[in-house]
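Here's the structure, in structure tokens; my notes come after.
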Amino acid sequence: MGIGLAAVFPLALRAAGYDPSISGPAVAAVSSVGYAGLLSGPPVIGLLAEALGLAGALACVCALLVLAAALAGHLSTRTRAAA
């Protein structure tokens, strides 16, 4: 999963900086969310692993990734329609 997701953060930063009028705050927001996930992710996965087992905890992570991918496609469609 790490190899597959390694490109997501740089792509998110690039997308955040696309609009010059709000690139500074947008990049800061994406960075803050990324670092919050970096700090809170392992403890949350550990708690889920205690409750559901490691396979269940990682299945929850996969489900959240699928949800994020589905929402990203929706946002991309809305952005193209607005332009």
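The values are calculated or read from the model by the stated rules, or taken from the named source; none is laboratory data. Since this is a predicted model, take the numbers as computed values, not measurements. With ideal geometry, Cβ positions are generated from the backbone for all residues, glycine too; neighbour counts draw on all protein chains shown. Surface accessibility is based on the protein's heavy atoms, side chains included, excluding ligands, DNA and RNA. Shrake-Rupley method; radii C 1.70, N 1.55, O 1.52, S 1.80 Å.
See the values below:
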read-out	value
Kyte-Doolittle mean at least 0.0, axial Cα span of 24 Å or more - DSSP H helices of the chain	23-52, 54-82
Distance (nanometres) between label positions extended 7 Å along Cα→Cβ at Leu38 and Arg14	1.9
Pairwise label distance in nanometres, Cys62 with His74, each label 7 Å out on the Cα-Cβ vector	2.3
Accessible solvent surface per residue of the chain, calculated while the other protein chains remain in place, 1.4 angstrom probe, Å²	76
Debye-sum result for the chain in log10 I(q)/I(0), which assumes one identical scatterer on each alpha carbon, at q = 0.11, 0.16, 0.18 Å⁻¹	-0.39, -0.76, -0.92
Virtual spin-label span in nm between Leu5 and Leu54, 7 Å along Cα→Cβ	1.6
